[in-house]
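Below is one structure, written out as structure tokens; comments come after it.
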Number of protein chains: 2
Amino acid sequence: MSAELIRDAALIHFAKDGYEGASLSKIAKDVGIKKPSIYAHYKGKDELFIAVVKYVLDTEKRRMFSYFLSQKENPLENRLKGFFTWMAEENRENEHAKFLLRISYFPPSKLNREVMDFVNPFFHQMQRLLARVLKNQLTNDSNRSDDFMDEALAYITIVDGSVIELMFNGEEYFLKRFSATWPIFWRGLLTTGKGADEK
Amino acid sequence: MSAELIRDAALIHFAKDGYEGASLSKIAKDVGIKKPSIYAHYKGKDELFIAVVKYVLDTEKRRMFSYFLSQKENPLENRLKGFFTWMAEENRENEHAKFLLRISYFPPSKLNREVMDFVNPFFHQMQRLLARVLKNQLTNDSNRSDDFMDEALAYITIVDGSVIELMFNGEEYFLKRFSATWPIFWRGLLTTGKGADEK
DNA sequence: GTCTATAGTTGGATAGAC
DNA sequence: GTCTATCCAACTATAGAC
């Protein structure tokens, strides 16, 4: 029980203040216990941090996958566009996305390698999922050798560029970036030649 | 003299470890002085940090503007593409870009507002500069009412999405994102209707 | 302007009672 | 598992000699 409460409180503090800025005393205070009690559940700050990393990656992976798979009946453009608003909602509701971004881009120097060994496979998996979706929707010939990994990466790039604004300046500016970028991206995607046979 | 040396050393530490993670002792050590000597030049850590923010924004603004203005003879696509490699070089050579990104996306909570009051006008100015360049190059009719602010914002979005990967996983992956995204973006930009009369 | 010395606080972490 | 008490290291910041 307590272990999960500590983890959830730590998540918020790490997202807000980073690894160095977060303090175990404040985390304990949020949970309603004293600092030393944390050590009954985690060996120290590092182990707590890594536990949060694992937890966030795991739940976010599930949520993202289930979003994309729940949208199978939707046409591709709506599905891809919907992901932006889904991200905005995710970000409004919970601190997971914020934590994920912060530790992805600026992990604590001394835990850099360990963190990246968790984070990199996560993003790679996302890219492969997207590539599969794009391939299924943009071409009728499933035997074509295109893997659509470039298109998936481009999509991730504009998502990242928009999401960064979401953290930075909030939802209003995030949606501005999205509205400005999406029409250009979508037109460019459909004229790749690859997308020529899209219905 | 010393004030500038302290500022430059602080820049590197803030970029690497963030506001909370950086320590005045280590900064002083890099300069070759003792910690209390810093207080002869800056009131404290906050003032030093804000001084670095101002300095970085000022010099980066100059550098970015002069890059774009030095490229007037280059065709638009090369100029826009060249900005990506320019960013990669900037990032390789100096810590300014890294600092700028870090404090833009994750400023110290207690200085958030003050930092943003410096950072936001900076990015807005970049957007207007880009919009002007795009308008001049993509249309022959300078009286058209299009302000090309959306197109500029879309460009900034893909730059951000790529640059984030530059910090995250280094130049190799940055260039992957760029190569994947650029052709789609460029094709989309030229088929906006707005760009129809581009030479 | 730079130093030594030190105050004052907070950080992570441990020992041991209950 | 949670607490009190405590340790030790690190931090920002200040006082005062030179």
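Every read-out reported here was derived from the displayed coordinates using simple, explicitly stated rules and does not represent laboratory data. Since the model is a prediction, treat every value here as computed from it, not as a measurement. FYI the Cβ positions are ideal-geometry reconstructions off the backbone, even for glycines, and counts take in every protein chain you see.
The other copies place their A:Pro36 label points at 3.6 nm from this one, listed shortest first, where each point is 7 Å from Cα along Cα→Cβ.
The charge dipole of the stretch B:54-197, taken about the Cα centre with unit charges on the Cβ atoms of Lys, Arg (+1) and Asp, Glu (-1), comes to about 160 debye, rounded to the nearest 20.
When the protein assembly as shown is described by a simple charge dipole with +1 on each Lys and Arg Cβ and -1 on each Asp and Glu Cβ, the residue from A:Gln137, A:Pro36, B:Thr85 located farthest towards its positive end is A:Pro36.
Under the simplified labelling scheme, the A:Lys34-B:Lys61 pair shows an inter-label distance of 5.2 nm, with each label point 7 Å from Cα along Cα→Cβ.
Listed cross-link partners B:Lys61/B:Lys98; B:Lys16/B:Lys61; A:Lys45/B:Lys54; A:Lys26/B:Lys54 are compared with a 26 Å cut-off, the Cα-Cα value being larger for A:Lys45/B:Lys54; A:Lys26/B:Lys54.
Using a 10 Å cut-off on Cβ to Cβ distances, tally the other chain neighbours for every residue of B:172-181 and report the average as a whole number. List each step's numbers first, then the result.
Values: counts 0, 3, 0, 0, 4, 7, 3, 3, 10, 11.
Average per residue, whole number: 4.
Rounding to the nearest 10 and keeping the result within 0 to 90°, find how far the Cα-based axis of helix A:171-190 lies from the longest principal axis of chain A. Value to nearest ten degrees: 30.
Let me confirm one metric for peptide B:83-91, namely the mean number of other chain beta-carbon atoms within 10 Å of its residues' beta-carbons.
Numbers: counts 0, 0, 0, 0, 0, 0, 0, 0, 0.
Per residue, the number of nearby Cβ atoms from other chains is 0 on average.
Using a simple spin-label model with pseudo-atoms 7 Å out from Cα toward Cβ, B:Asp117 and A:Arg113 lie 4.4 nm apart.
Take every Cα pair under 8 Å whose residues are at least 6 apart in sequence, average their separation, divide by the length of the stretch B:54-197, and the relative contact order is 23 percent. For chain A, the longest principal axis of the Cα atoms and the long axis of helix A:45-69 meet at an angle of about 30 degrees.
Would you mind putting A:130-140, B:104-114, B:173-183, A:35-45 in packing order, based on average other-beta-carbon counts within 10 Å, highest first?
Numbers: A:130-140: 18.0, B:104-114: 16.3, B:173-183: 19.6, A:35-45: 14.0.
Top of the packing list down: B:173-183, A:130-140, B:104-114, A:35-45.
Within a straight-line Cα-Cα reach of under 17 Å, A:Lys176 can be paired with the following lysines, leaving aside sequence neighbours fewer than 8 residues apart in one chain: A:Lys81.
The translational diffusion coefficient of the stretch A:1-133, from Stokes-Einstein at 4 °C and 1.567 mPa s with a Kirkwood hydrodynamic radius over alpha carbon pairs, comes to 81 µm²/s.
Between the helical axis of A:76-93 and the longest alpha-carbon principal axis of chain A there is an angle of about 20 degrees.
Any idea what the dipole of the protein assembly as shown comes to, in debye rounded to 20, about its Cα centre with Lys/Arg Cβ at +1 and Asp/Glu Cβ at -1? Working shown, then result.
Details: 58 positive and 56 negative charges, 163 e Å.
Charge dipole of the protein assembly as shown: 780 debye, to the nearest 20.
Farthest towards the positive end of the charge dipole of chain A, among the residues A:Phe148, A:Phe123, A:His96, is the Cα of A:His96, using unit charges on the Cβ of Lys, Arg, Asp and Glu. Cross-link partners for A:Lys34 among the aspartates and glutamates, with Cα-Cα distance under 17 Å and sequence neighbours closer than 8 places in the same chain left out: A:Glu4, A:Asp8.
Here the residues B:Asp160, B:Asp58, ranked from fewest to most Cβ neighbours within 10 Å of their Cβ, fall in the order B:Asp58, B:Asp160. Inter-chain neighbour count for A:19-29: the average number of beta-carbon atoms from partner chains within 10 Å of each residue's beta-carbon is 2.
Residues with beta-carbon under 11 Å from that of A:Lys26, excluding A:Lys26: net charge, scoring Lys, Arg +1 and Asp, Glu -1?
Details: positive: A:Lys16, A:Lys29, A:Lys35; negative: A:Asp17, A:Asp30.
Neighbour charge sum, excluding A:Lys26 itself: +1.
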